[in-house]
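Notes follow once the structure below has been shown.
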Amino acid sequence: VQLQASGGGLVQAGGSLRLSCAASGSFFRINTMGWYRQAPGKQRELVAQITSGGSTNYADSVKDRFTISRDYAKNTVYLQMNSLKPEDTAVYYCNIKAGSRNYDYWGQGTLVTVSS
C-alpha cells in the first residue's frame with residue numbers, strides 16, 4: 001500500500017492550500033481517510049477524518065477553515081485549507097485505516113509553511 005501526498009508549500013497567512021493524497025496498492029477496504037499534522041517539538045495530531053459513509057471529524061483548531069473530502073473511485077482524500085494561520089505550519093501526513101482491523105497506513109508527509 002502506498003499513499004502519495006502532494007500540495008504542501010509556503011503560503012502567507014490568510015491564504016489557501018489544497019492537499020491531496022492518493023492510495024494505491026492492495027488493501028481490502030478503506031474505512032477512514034484522514035490528515036494528521038506534526039509541528040516542530042509537538043506530537044502528531046489529528047486534523048480531519050472522513051469515514052466511508054462520508055461522516056467528517058475536525059480538530060477544533062481547524063473547524064470552519066479546513067474541509068476534508070474524498071473521491072471514493074480514486075481512493076483519494078483532499079484537504080482544502082483556507083484562512084491559514086502561522087500555527088498551521090507543520091508536516092501534514094495522510095492516513096488511511098483499512099481492513100477489518102482498521103490497520104493504519106501513512107503517507108510520507110508534506111510540509112505546509114504559513115508565514116506571518
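Taking a sphere under 13 Å around the Cβ of Arg29 and counting the other residues whose Cβ falls inside, with K and R at +1 and D and E at -1, yields a net charge of +2.
Remark on Gly109: its backbone amide H falls under 5 Å from those of Ala5, Cys94, a criterion applied only to residues 5 or more positions apart or on other chains, H modelled at 1.01 Å from N. Coupling constants for the range 89-106 follow from the phi torsions by the Karplus curve (6.51 cos²θ - 1.76 cosθ + 1.60, θ = phi - 60°), and in residue order they are 4, 4, 8, 9, 10, 8, 9, 10, 10, 9, x, 5, 9, 6, 5, 8, 10, 10 Hz; glycine and proline get x. Couplings for the range 82-87, taken from phi via the Karplus curve 6.51 cos²θ - 1.76 cosθ + 1.60 with θ = phi - 60°, read 10, 6, 5, 10, x, 6 Hz in order; Gly and Pro are left as x.
Run the reach check for Lys97 against lysines, Cα to Cα strictly under 18 Å, same-chain hits fewer than 8 apart removed. What comes back? Cross-link targets: Lys74. Semi-axes of the equivalent ellipsoid of the range 30-89 are 21, 13, 10 Å, computed as sqrt(5λ) over the eigenvalues of the C-alpha gyration tensor in descending order.
Max-minus-min Cα coordinates of the chain on each principal axis give 43, 24, 23 Å, with the largest extent listed first. Amide H to amide H under 5 Å from Thr89: which residues, 5+ apart in sequence or cross-chain, H placed 1.01 Å off N in plane? Here the answer is Val114, since their amide H atoms fall under 5 Å of that of Thr89.
Sort 89-101, 43-55 by the packing proxy (mean of other Cβ within 10 Å over each peptide's residues), most packed first.
Highest to lowest by the protection proxy: 89-101, 43-55.
Taking amide H positions as modeled 1.01 Å from N, with prolines and chain starts lacking one, no residue 5 or more places away or on another chain lies under 5 Å from Arg44.
Relative contact order of the chain, taken over Cα pairs closer than 8 Å and 6 or more residues apart, is 37 percent. Counting 0.36 nm for each residue step from Ser16 to Thr113 and taking away their Cα separation leaves a gain of 33.8 nm. The portion of the accessible surface of the chain made up by carbon and sulfur, rounded to a whole percent, is 46 (1.4 Å probe; DNA, RNA and ligands excluded). Say a paramagnetic label sat at a point 7 Å from the Cα of Trp106, along Cα to Cβ; which residues of the range 35-67 have their backbone N under 15 Å from it? Label zone hits: 35-47.
Only aspartates and glutamates eight or more places from Lys63 in sequence, or on another chain, were considered; those with a Cα closer than 19 Å are Glu45, Glu87, Asp88.
The values are calculated or read from the model by the stated rules, or taken from the named source; none is laboratory data. This one's a predicted model, so the numbers in the text were calculated from it and none came from an experiment. No Cβ is skipped: glycine too gets one built from the backbone with ideal geometry, and neighbour counts run over all protein chains shown. The accessibility values were calculated without ligands, DNA or RNA, using every heavy atom of the protein model including side chains. Shrake-Rupley method; radii C 1.70, N 1.55, O 1.52, S 1.80 Å.
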